[in-house]
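J.: Attaching a single structure in structure tokens format; questions to follow.
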Amino acid sequence: MGELNETQRYLIDEHIEEYQEGLIPRRELLRRVTLISGSAALGAAIVAACGPAPARTSPTPTTAAVATATLSPTVGPFATPPAQTTTDGVVKPDDPRITVSKPDLKGPDGASLMAYMARPAGTARVPGVIVIQENRGQTPHLQDVVRRVATAGFVGINIDVVARAGGYEKLTDQAAYNAELGKLTLAGKLADHNAAITFLKAQSTGAIGVVGFCFGGGEVWNLVAAGADLKAAVPYYGPQPSNFAEIAKTKTAVFGVYAEMDTRITGTAPAMEAELKKSGAPYQIVTYPGVNHAFHNDTGTRYDAPHATKAWVATVEWFRKYLVG
């Protein structure tokens with residue numbers, strides 16, 4: 001896959017894993033890989049190298065012990081992942097604890113980035129947290145995570161990085177969305193993320209953190225490596241960027257979340273930790289046992305409620321420690 005860029009390789013590897021787990025048939029894998037790579041011949045060659053998919057086993061559903069958590073007496077309860085998979089979300093848009101909006105946040109070229117923002121109800125200025133999407137864009141689940149951030153006492157915001165092509169609302173076919181995602185340059189993505197940081201600074205105390213999941217976890221690492229103006233960062237099972245050695249220069253407090261069964265991503269954790277150690281900035285790496293990639297997404301088949309709750313509570317605690325005060 002040498003002719004593919006870093007994002008395209010990551011996306012294709014994700015779909016190969018879905019095929020190997022029996023989540024999508026071979027024909028669908030071929031369709032997705034062809035769209036992402038832009039080449040029928042390359043797509044066929046990649047799929048041919050995958051071999052047959054093993055028989056699928058049904059995942060064992062899990063339940064969480066709690067649906068809310070208390071961070072401290074000054075913050076109070078905040079929303080945590082649900083006890084089981086859901087399509088309805090945890091925090092409704094009209095939840096009285098928060099205020100939801102779609103601000104006119106533009107990229108450096110003046111294009112709308114389709115921002116979605118939620119903040120605690122009231123007029124108090126609080127720190128900001130950018131939420132970076134998985135490989136499907138600004139899904140209802142991602143909007144729900146933004147609202148959860150607001151219940152924890154932060155201004156949360158998400159941009160759809162494929163907004164110029166219509167974003168999640170227009171590109172309802174995941175393969176088509178991923179094809180557009182694979183066309184983006186690192187410089188272009190960083191420019192849009194930095195536009196979001198600048199915007200959020202004006203909407204908050206100026207202390208900004210970032211959390212991202214899967215593809216978004218990789219984007220968090222990219223921001224850290226690029227020296228973005230962030231006080232705290234939490235990448236969830238994010239792929240290692242090619243320039244990961246630049247992380248040794250960061251001043252951002254990083255909490256890295258990994259999944260034990262996600263060996264393709266978790267195998268890079270020691271190298272990432274080595275660079276964080278060189279930086280001298282605060283960091284923590286946690287690998288949650290017995291769970292796979294995307295275990296935090298409560299709309300997916302890999303969702304694990306207990307570990308998702310533990311990771312999310314730890315995430316809020318990390319932001320509380322490094323963004324507040």
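The values are calculated or read from the model by the stated rules, or taken from the named source; none is laboratory data. Computed from a predicted model, the values in this text were never measured in an experiment. Virtual Cβ from ideal backbone geometry, glycine too; neighbours counted across all protein chains shown. Just so you know, the surface numbers come from the protein's heavy atoms only, side chains and all, with ligands and any DNA or RNA stripped out. Shrake-Rupley method; radii C 1.70, N 1.55, O 1.52, S 1.80 Å.
J.: Within the range 29-42, can one find any residue that is surrounded by fewer than 18 Cβ atoms within 10 Å (Cβ to Cβ) and in contact with a Pro (Cβ under 9 Å, 6 or more places away or on another chain)?
T.: No, there is no match, as no residue in the range 29-42 is surrounded by fewer than 18 Cβ atoms within 10 Å (Cβ to Cβ) and in contact with a Pro (Cβ under 9 Å, 6 or more places away or on another chain).
J.: Could you figure out which of (1) over 14 Å from the mean Cα position of the chain (by Cα); (2) over 30 Å from Val126 (Cα atoms); (3) at pLDDT 95 or above isn't true of Trp318?
T.: Unmet condition: (2).
J.: Yes or no: Pro77 more than 27 Å from Thr301 (Cβ to Cβ) and at pLDDT 95 or above? Step through it out loud before you land on a result.
T.: Working: more than 27 Å from Thr301 (Cβ to Cβ): yes; at pLDDT 95 or above: no.
The answer is no for Pro77.
J.: Could you please tell me which pairs satisfy a Cβ distance under 6 Å, a separation of 6+ or placement on different chains, a first residue in the range 119-146 that is under 14 Å from Ile98 (Cα atoms), and a second residue that is open to solvent by less than 20 Å² (accessible area, probe 1.4 Å) and among the aromatic types (Phe, Trp, Tyr)?
T.: Val126/Phe154; Gln143/Tyr116; Val146/Tyr116
J.: Which numbered condition in (1) open to solvent by 40 Å² or more (accessible area, probe 1.4 Å); (2) at pLDDT 90 or above; (3) in a loop (DSSP other than H, G, I, E, B) is the only one that Thr86 fails?
T.: With respect to (1) open to solvent by 40 Å² or more (accessible area, probe 1.4 Å); (2) at pLDDT 90 or above; (3) in a loop (DSSP other than H, G, I, E, B), Thr86 is out only on (1).
J.: Can you name every residue in the range 16-36 that is within 24 Å of Pro241 (Cα to Cα) and touching a residue at least 40 places away in the same chain (Cβ under 8 Å)?
T.: Glu17, Arg32, Leu35, Ile36
J.: Taking helices (runs of 4 or more DSSP H) that fall entirely within the range 130-199, which contain at least 1 residues that are open to solvent by 10 Å² or more (accessible area, probe 1.4 Å), at pLDDT 95 or above and among the hydroxyl-bearing types (Ser, Thr, Tyr)? Write out each step before concluding.
T.: Numbers: elements: 140-151, 167-170, 174-183.
Qualifying helices (runs of 4 or more DSSP H): 140-151, 167-170.
J.: Thr299 - would you say it is out of contact with any Lys or Arg (no Cβ under 7 Å at 6 or more places or on another chain), open to solvent by 10 Å² or more (accessible area, probe 1.4 Å) and in contact (Cβ under 8 Å) with a residue 60 or more places away in the chain? Explain how you work it out, then say what you get.
T.: Working: out of contact with any Lys or Arg (no Cβ under 7 Å at 6 or more places or on another chain): yes; open to solvent by 10 Å² or more (accessible area, probe 1.4 Å): yes; in contact (Cβ under 8 Å) with a residue 60 or more places away in the chain: yes.
Spelling it out, Thr299 is indeed out of contact with any Lys or Arg (no Cβ under 7 Å at 6 or more places or on another chain), open to solvent by 10 Å² or more (accessible area, probe 1.4 Å) and in contact (Cβ under 8 Å) with a residue 60 or more places away in the chain.
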